[in-house]
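The structure under discussion appears below in the form of structure tokens.
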Amino acid sequence: QVQLVESGGGLVQAGGSLRLSCAASGTIFRINSMGWYRQAPGKQRELVAAITSGSSSTNYADSVKGRFTISRDNAKNTVYLQMNSLEPEDTAVYLCNVMGKTTLIRNFDSWGQGTQVAVSS
């Protein structure tokens, strides 16, 4: 099993910044990708940003490009999301997702419990 622990959410004024962290622990043979999703009330879950462990390539939702930055620390099995210039539309529960392998042949796809981000206008 692979567990994810998220931290860093909170309440911030528009224009402010927050940094989310997500640490993976447990039986991890290899991590392939790490990402952040968000879900606002009444809306579908959407990908915010993702990063691969091998090539460090990144992918961002159009709505956050230029404002959010995803990064990772492979040694700590941790992914970060630096969120700048926050807008009220960024208000949502942010969930961490990590995919990889627990053994050479067994895959895992784990989700964090979610952390609330609220941006006031």
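The values are calculated or read from the model by the stated rules, or taken from the named source; none is laboratory data. Source: prediction; values computed, not measured. All Cβ positions, glycine included, derive from the backbone under ideal geometry; neighbour counts span all protein chains shown. Only protein heavy atoms, including side chains, enter the accessible area calculation; ligands, DNA and RNA are left aside. Shrake-Rupley method; radii C 1.70, N 1.55, O 1.52, S 1.80 Å.
Yes/no per residue for (1) more than 14 Å from the chain's Cα centre (by Cα); (2) within 19 Å of Ser121 (Cα to Cα); (3) without any contact (Cβ under 8 Å) to a residue 12 or more places away in the chain:
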{"site": "Gln13", "(1), (2), (3)": "yes, yes, no"}
{"site": "Ile28", "(1), (2), (3)": "yes, no, no"}
{"site": "Thr52", "(1), (2), (3)": "no, no, no"}
{"site": "Phe68", "(1), (2), (3)": "no, yes, no"}
{"site": "Ala75", "(1), (2), (3)": "yes, no, yes"}
{"site": "Thr91", "(1), (2), (3)": "yes, yes, no"}
{"site": "Met99", "(1), (2), (3)": "no, no, no"}
{"site": "Asp109", "(1), (2), (3)": "no, no, no"}
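Taking the conditions (1) small (Gly, Ala, Ser); (2) surrounded by fewer than 16 Cβ atoms within 10 Å (Cβ to Cβ); (3) modelled with pLDDT of 95 or more in turn, Ala24 satisfies each one other than (2).
Residue-wise test of (1) among the small types (Gly, Ala, Ser); (2) open to solvent by 20 Å² or more (accessible area, probe 1.4 Å).
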site: Glu87; (1), (2): no, yes
site: Ala92; (1), (2): yes, no
site: Asp109; (1), (2): no, yes
site: Val117; (1), (2): no, no
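Within the stretch 40-50, the residues that satisfy the criterion of being open to solvent by 50 Å² or more (accessible area, probe 1.4 Å) and within 12 Å of the chain's Cα centre (by Cα) are Glu46, Leu47. Does Gly35 satisfy the criteria of being outside any loop (DSSP other than H, G, I, E, B), closer than 17 Å to Gln82 by Cα, open to solvent by less than 60 Å² (accessible area, probe 1.4 Å) and not charged (D, E, K, R)? Taking the combined requirement at face value, the residue satisfies it. I'm checking my understanding of the structure. Among residues of the stretch 44-56 that are assigned to a loop (DSSP other than H, G, I, E, B) and modelled with pLDDT of 95 or more, which one is farthest from Met83 (Cα to Cα)? Of everything passing the filter in the stretch 44-56, Gln44 is farthest from Met83 (Cα to Cα).
Checking Ala24, Ala75, Ala49 one by one, the residue that is of a type outside the set (Lys, Arg), touching a Gly at 6+ places or on another chain (Cβ under 8 Å) and closer than 22 Å to Asp109 by Cα is Ala49 and no other.
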